[in-house]
Amino acid sequence: MSNPSLEILPWWKTTTVYQIYPRSFKDSTGDGIGDIPGIISKLDYLQDLGVGTIWFSPFFSSPQADHGYDVSDYRRIAPEYGTMLDCERLIHEIHNRGMHVVLDMVLNHTSNQHPWFLESRSSRESPKRDWYIWRDGRRSRGRKPPNNWKAVVGGSGWHYDEQTDQWYWAQFLPFQPDLNYRNSEVKQEMFDIVRFWLNKGVDGFRLDIINAIYEDEALRDNPFVLKLFPSEEYEKSFFQNRIHTVNHSDNFAFVKELRSVMDEYSDPERFLVGEVAASLETLKRYCGEEINTNQTNGLHLTFLFQSLDADFDAHTFRNLISRYEQYFAEPYSPTWVFSNHDQMRRISRLRNDVDKAKLNVTLQLTVRGVPYIYYGEEIGMPNHRLPLKTAQDPVALKYSWIPQFLVNLLTRSGSVLLNRDDCRTPMQWNSSPNAGFCSEESEPWLPVEPRYETINVDYEESQPNSLLHCYKSLLRLRRQMPALHSGSLHLINLFLHKKSILSFERKYDKQVVQIWLNFSDRPIQIEEIQGRAELIFSTRREPTPLNNTGIHLEPFQGIILETHHD
Ligand code: NOJ
């Protein structure tokens, strides 16, 4: 099906990415906020875990109103995280361990405290006025925004500024004004910032809301639609189909230009992964066209958020895999993401069931595509339900008027996460107070999840059957076996147990592995194994009976077999 050429794929397709939210990983100074020296002290852990690439949520200068997604200087490091020297050391230490570094590039907007915006808002004549999107309001009946466009987070995305009697546009929150990419100076400046970091040696960028770069120039209203909550796939939410504000056609040419900046750097090859919520068809458009057998000319990867809230059953995943294979065959590649800093952690969606989490990660690390692991996912850190009223998350504060019982109901149903603090609590390193995230005397910026005494790195290291060891074994296999990181994928057609079992084969040259996943709470005997099979991984420690007549799978057990056809 895919990769028929038998080439080992480029590093960014065979890697596994680990996302660090710097504020929450490791505090080295005692202020209760994670920092770069803290991260450096944990690089050996990440190397031992076996991930290949580390992506950092932003640590650039910022008033931290959205914890770094509101940048006030893209060429400096926020003092609470460290210095530029620390950052250079971080890049160096990661490379020294044979891993790669990905930074989070927030191109769509800056902080309203960025000197560019301060200058832009100062007068209509300012040389930076056109760096942001300023428009006159409508005045027919009182003061009104230029049109009906809503922000991603709800409410009008237009904000009135008295000083110059105009409105500025912000896709996200009011303190994150959008840059105007129709102004060529803006584009050049932002591309130079990208080069600045590439020159420092970073290996790639995660692109924040890259589907929001351009809006309709004529400012046409978005049409009404009967849908309140956003889904991961579509642009419809808050009763608006945002056709004029997200996934605008000019975005697709923009990402190609950005790609050519990345292509100025070839040794090693660098990569882009875009944060885009859209249908698979649109996502593929962001990756560009196939320009030769192993290259496209747009983003190297986009997140496929379809998996975030996928139902936990064989049918759902079989469908997802087959759709991904259809849209993202080589030279395209899917991505597999189950948690991040905006979403409910996967294990919380799985009701904290560790067997299910093991099955889930067996799928994630054996299927074709690039896996993204969110810090703490490897130890099964759950969401910590925290009150909206005292939230640090600005989106939660915007909605803090919603009664808590309603928030709990929505959160429990898994449909929305209103307080993103819930998934951003401190990394749990050990069972000491504050879970080893910061000193016992300090107060962490968010409270530690109360179950940290048994859900932490040290404890799970000591338990051979832990989720952490399951991740390590799978990551080792994925690194070692070309079939798992570069092989083709074929779904195995089952006659029996179709509802309960998902099975697929990965193949690279003569190496063939089969993955068998039991999504049901019943034990199942499988008879369909052909050839000689060797068990090379199981989510359970007890040996799985394997003989000529087949294999026995316990409830929610996953296994990997290497098959030999002689
Ligand atoms: C998407 C990021 O993932 C989110 O955390 C951030 O708040 C918004 N973009 C705004 O930058």
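Below are the figures for this structure:
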quantity	calculated
Bins of 5 Å, starting at 0 and running to the largest distance - Cα pair percent for the range 4-62	4, 16, 22, 21, 14, 9, 6, 4, 3, 1, 1
Using θ = phi - 60° and Karplus 6.51 cos²θ - 1.76 cosθ + 1.60, couplings along the range 371-377 (whole Hz; Gly, Pro as x)	x, 10, 10, 8, 3, x, 5
Coordinate range along principal axes, alpha carbons of the range 488-564, Å, largest first	35, 24, 21
Positive-end residue, the chain charge dipole about Cα centroid, Cβ charges, pick of SER466, ILE36, VAL361	VAL361
Probe 1.4 Å, protein heavy atoms only - accessible area per residue of the range 409-566 in square angstrom	46
Kirkwood hydrodynamic radius over Cα pairs of the range 82-191, then Stokes diffusion coefficient at 20 °C and 1.002 mPa s, in µm²/s	134
Ordering of 374-385, 91-102 by packing [mean C-beta count within 10 Å, highest first]	374-385, 91-102
TRP429 - accessible surface, heavy atoms, 1.4 Å probe, Å² rounded to 10	10
Surrounding net charge for LEU489, when Lys and Arg each add one and Asp and Glu each subtract one, Cβ distance under 14 Å	+4
Antiparallel content of DSSP bridges confined to the chain, in %, to 5	65
The chain: angle of helix 467-480 to the longest principal axis, Cα-based, in degrees nearest 10	80
Probe 1.4 Å - accessible area at LYS227, Å² to nearest ten	70
Accessible-area order (highest first, 1.4 angstrom probe) of the listed residues ARG129, ARG89	ARG89, ARG129
Principal-axis tilt of helix 250-262 within the chain, Cα atoms, nearest 10 degrees	70
Within the range 290-377, trypsin sites (Lys or Arg not before Pro) in DSSP loop having at most 14 other beta-carbon neighbours inside 10 Å	ARG351
10 Å beta-carbon shell around GLN428, net charge (K/R +1, D/E -1)	-3
Residues whose placed amide H lies under 5 Å from that of SER237, excluding near-sequence neighbours	ARG242
Viscosity 1.567 mPa s, temperature 4 °C, Stokes-Einstein D of the chain from Kirkwood C-alpha radius, µm²/s	52
Among ALA212, CYS87, ALA65 - extreme Cα towards positive end, dipole of the chain, charges at beta-carbon	ALA212
Length-normalised contact order of the chain in % [C-alpha pairs under 8 Å, at least 6 apart]	13
From the C-alpha gyration tensor of the range 102-251, square roots of 5λ in Å	26, 22, 12
The range 58-125 versus the range 362-379: alpha-carbon centroid distance in Å	27
Protection proxy ranking of 176-182, 44-50 - average other beta-carbon atoms within 10 Å, highest first	176-182, 44-50
Folded to 0 to 90 degrees: helix 184-199 orientation relative to the chain principal axis, Cα	40
Whole-Hz couplings from phi, Karplus 6.51/-1.76/1.60, listed for the range 439-455; x for Gly and Pro	4, 5, 7, 8, 10, x, 4, 10, x, 6, 5, x, 7, 5, 5, 10, 9
Portion, in percent, of the accessible area of the range 488-564 that falls on carbon or sulfur, probe 1.4 Å	49
Long-range amide H partners of PHE537 with built H, under 5 Å	ILE560
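The values are calculated or read from the model by the stated rules, or taken from the named source; none is laboratory data. None of these values were measured; they are calculated from a predicted model. Cβ atoms come from the backbone with ideal geometry, glycine included; neighbour counts cover every protein chain shown. For the accessible areas, the whole protein counts, side chains as well, though only heavy atoms, and no ligand, DNA or RNA atoms are used. Shrake-Rupley method; radii C 1.70, N 1.55, O 1.52, S 1.80 Å.
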